[in-house]
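Have a look at the structure below before the remarks.
Derivation of every value follows stated rules applied to the coordinates shown; laboratory data play no part. It should be emphasised that the depicted structure is a prediction, and the values quoted were computed from it without experimental measurement. Note that we place each Cβ from the backbone using ideal geometry, even for glycine, and neighbour counts take in every protein chain shown.
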Amino acid sequence: MNSRLLMTALAFGVSLRPEVTKTLFLKYSIARQAEQQDKKPCKPTGADNDQGPIDPNKPGGPSLLGKLHSGTWKMNPDKSKYSPGPAPASTTVKVEADDKGVKISAEGTNPDGGALHVQYEAKFDGKDYPVTGLAYADMVSMKRIDANTIEATLKKGGQVVITIVSKVSKDGKSRTSTFKGKDAYGHDVNNVVVYDKQ
């Protein structure tokens, strides 16, 4: 007699031996628990893993972006390439990023020995925001490409002059910024600047 027959027997007042009743009740309880487990929704793969696939346009992506980009980054002169040169003597960039945008503060020394100080704060909405400290740009707009990569478009008088694509390495220890466009003198700019996280 299975659990369904047990319930039928009880419903119609059929008496069973105590040991049979106990065994069938146990089997019935186990079967009910299994049915309840089958009805629970399954979590998608990677739901509890921060390192799983993340869409930057959905919850999870932006917070990972902030975690990867935020921090203090120092230029590595041996790994960086400036065209045209010369390269700045030193550059340290502080980045504060979250799901809404990014704040950049760069300090350093220019090739001529002068102080370098660049600042801007912009949202990931494609709108223009003011930049200070750059002779060749007065505005910037920001775009999020993915959790590891963001793009800054620098403008002067409403015209695009340079785009900067910054990508954090998989291990989170380095950040590479690729500059393409023209400088204040109209020279083509093709810089690849590598920063080490401090």
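Things worth noting here:
- Those residues of the stretch 62-92 whose amide nitrogen sits under 20 Å from the label point placed on His187, 7 Å along Cα→Cβ: 76-91
- Across the stretch 63-198, Cα-Cα distances exceeding 21 Å account for 36% of all pairs.
- The peptide list 78-85, 64-71, put in order of mean Cβ contacts within 10 Å with the highest first, becomes 64-71, 78-85.
- The length gained by stretching the chain between Ile145 and Lys81 to full extension, at 0.36 nm per residue less their Cα-Cα distance, is 20.7 nm.
- The trypsin sites (Lys or Arg not before Pro) of the stretch 92-198 meeting both criteria, a DSSP state outside H, G, I, E and B (loop) and at most 14 other C-beta atoms within 10 angstrom of the site's C-beta, are Lys100, Lys127, Lys170, Lys173.
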